[in-house]
1. Rounded to the nearest 0.05, what FRET efficiency is calculated for Asn38 and Asp137 with R0 set to 25 Å and r the Cβ-Cβ distance?
2. Using a Gaussian network for the chain with springs between C-alpha atoms less than 10 Å apart, which of these wobbles most: Asp127, Asp55, Asp137?
3. Taking the Cα centre as origin and putting +1 on Lys and Arg beta-carbons and -1 on Asp and Glu beta-carbons, what dipole magnitude results for the range 10-94, to the nearest 20 debye?
4. With viscosity set to 1.002 mPa s and temperature to 20 °C, compute the Stokes-Einstein D of the chain, Rh being the Kirkwood radius across alpha carbon pairs; µm²/s, no decimals.
5. May I ask what percent, to the nearest 5, of DSSP beta bridges between residues of the range 30-154 are antiparallel?
6. What percentage of the solvent-accessible surface of the range 1-120, computed with a 1.4 Å probe over protein heavy atoms, is contributed by carbon and sulfur atoms?
7. How much accessible area per residue does the range 26-154 have, in Å², with a 1.4 Å probe?
8. Size of the range 66-154 along its principal axes in angstrom, Cα-based, largest extent first?
Amino acid sequence: MKAKLNWDQYFMGVAKLSSLRSKDPNTKVGACIVNQRNRIVGVGYNGFPYGCEDDIFPWNNNKEDYYNSKYPFVVHAEMNAILNSTVSLEGCVLYVSLFPCHECCKSIIQAGIKEIVYCEDKYNGTDSDLAGKKMLDAAKIKYRKIEDFEIIIK
């Protein structure tokens, strides 16, 4: 008999499942916000804002052509999870498949989230990563990586 999932595995599974809704061909990110009673209070994935259709806005990731790339238009999973919540996020935990960028860190701090649990940190050491971690440290928000997380959905 297979052991049941612990809370970290369960909520990261929800975040990873949410990431499958993203249409981004390169980076699919999902997020799940959980309150102190282990209740999900927000879920999101990276995508364009409401009303901004894929046939008008690009999924291109060309950083040299910023305007004609996805970067100025995509709402990150963390921000969507925060915006999709209808309750206070004070003291909540954010589960996210990819460590947040510095812009998302600002919103996480402002929302009152107390901890970030993540799987991947592929931008570790970049300017955005360092700025985000500097703000999180100053705001005393914990962050920790789940090692070797894998979920298989059949």
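The values are calculated or read from the model by the stated rules, or taken from the named source; none is laboratory data. The structure displayed is predicted, hence computed values, not measured ones. For neighbour counting, all protein chains shown are included, and Cβ atoms are generated from backbone atoms with ideal geometry for every residue, glycine included. Surface accessibility is based on the protein's heavy atoms, side chains included, excluding ligands, DNA and RNA. Shrake-Rupley method; radii C 1.70, N 1.55, O 1.52, S 1.80 Å.
1. Given R0 = 25 Å and the Cβ-Cβ separation, E is 0.45.
2. Asp55
3. That gives a dipole near 440 debye.
4. Answer from the Stokes-Einstein relation: 134 µm²/s.
5. Roughly 55 percent of the beta bridges in the range 30-154 run antiparallel, per DSSP.
6. Carbon and sulfur: 52 percent of the exposed surface of the range 1-120.
7. I get 59 Å² per residue for this part.
8. That gives 38, 36, 30 Å along the principal axes, largest extent first.
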